[in-house]
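Reviewing the structure listed below.
The values are calculated or read from the model by the stated rules, or taken from the named source; none is laboratory data. Everything quoted here is computed from the prediction, not taken from an experiment. Every residue, glycine as well, gets a Cβ built from its backbone with ideal geometry; the counts of neighbours run over all protein chains shown.
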Amino acid sequence: MKLLKDVIVKKGKVRGEDVLKVDSFLNHQLDINLLNEMGKEFKNRFKDDNITKILTIEASGIAIAAIAAQYFNVPVVFAKKAESKNVDNDNAYESQVYSFTKDKTYSVRVCKDYLNSSDNVLVLDDFLANAQAALGLKDLVNQSGANLAGIGIVIEKGFQGGGKLLRDSGVRVESLAIINSMNSDGIDFD
């Protein structure tokens with residue numbers, strides 16, 4: 001998606017060879033016009049898949065999922081990272097997710113009331129690096145008996161192998177921008 005790549009080049013900040021800060025438009029401050037265009041693009045890419053739910057993980061995935069959901073006219077379900085009194089652990093699907101950004105493993109949960117075998121699920125998230133969040137969300141979908149239609153990613157760091165891992169296992173992955181490499185000299189897109 002050319003618009004997204006242009007914004008990444010203009011506003012993204014490369015930190016080393018594996019961290020890209022996009023907090024000025026995607027995961028701290030939100031560029032709603034850009035998010036709208038990304039939502040339309042996800043709808044275009046998955047328009048024939050009869051999506052019934054969009055699944056993401058808190059917190060950064062929620063904004064893109066919510067905006068994309070308006071084009072699919074479906075609910076958004078987000079996996080919670082923290083234990084909460086309003087999620088009954090006996091009535092929840094649970095998986096373990098390692099966060100590359102935070103260097104921490106989380107238990108993520110979704111209430112069984114919100115995912116079931118009649119659902120056709122699109123997973124959306126802001127980044128794909130090592131695929132740990134995506135695999136955790138895929139596990140939640142599998143536990144529910146729902147169908148995983150695919151995974152939509154805003155920015156895939158192709159050099160970290162998560163996209164390849166998912167695609168090699170038969171998962172459809174649609175990334176709006178794939179970065180082959182990055183350093184202080186710039187960003188190389190696929």
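Points to keep in mind about this one:
- Candidates Ser175, Ser181: the one that is under 20 Å from Ile62 (Cβ atoms), in contact with an Asp or Glu (Cβ under 8 Å, 6 or more places away or on another chain), in contact (Cβ under 8 Å) with a residue 24 or more places away in the chain and assigned to a strand (DSSP E or B) is Ser175.
- Among (1) farther than 26 Å from Leu26 by Cα; (2) touching a Phe, Trp or Tyr at 6+ places or on another chain (Cβ under 8 Å); (3) surrounded by fewer than 21 Cβ atoms within 10 Å (Cβ to Cβ), the one test that Val97 misses: (1)
- If you go through region 148-171 and keep only what is of a type in the set (Lys, Arg) and surrounded by 24 or more Cβ atoms within 10 Å (Cβ to Cβ), you end up with just Lys157.
- Residue in region 76-88 that is farther than 16 Å from Asp125 by Cα, in contact with a strand residue (DSSP E or B) (Cβ under 8 Å, 6 or more places away or on another chain) and at pLDDT 95 or above present: no
- The requirement of being at pLDDT 95 or above, of a type in the set (Phe, Trp, Tyr) and either farther than 16 Å from Val76 by Cβ or surrounded by 15 or more Cβ atoms within 10 Å (Cβ to Cβ) (or both) is satisfied by Phe46.
- Qualifying position, being farther than 10 Å from Thr56 by Cα and either without any contact (Cβ under 8 Å) to a residue 24 or more places away in the chain or in contact with a Pro (Cβ under 9 Å, 6 or more places away or on another chain) (or both), among Asp119, Asp113: Asp113
- Filter result for Lys53 (out of contact with any Ser or Thr (no Cβ under 7 Å at 6 or more places or on another chain), at pLDDT below 95, among the basic types (Lys, Arg) and within 29 Å of Ser107 (Cβ to Cβ)): no
- Condition met for Val97 (modelled with pLDDT under 95 and outside any strand (DSSP E or B)): no
- Count of residues meeting criterion [outside any helix (DSSP H, G or I) and touching a residue at least 60 places away in the same chain (Cβ under 8 Å)] in region 142-161: 7
- Residue selected from region 100-114 under the condition under 17 Å from the mean Cα position of the chain (by Cα) and in a loop (DSSP other than H, G, I, E, B), by the criterion modelled with the highest pLDDT: Lys102
- Sub-6 Å Cβ pairs linking a first residue in region 5-25 that is assigned to a loop (DSSP other than H, G, I, E, B) to a second residue that is loosely packed, with under 12 Cβ neighbours inside 10 Å and not hydroxyl-bearing (Ser, Thr, Tyr), at least 6 apart or interchain, are Glu17/Asn183, ordered by first then second residue.
- Selection of region 1-29 for residues being basic (Lys, Arg) and surrounded by 12 or more Cβ atoms within 10 Å (Cβ to Cβ) yields Lys5, Lys11, Lys21.
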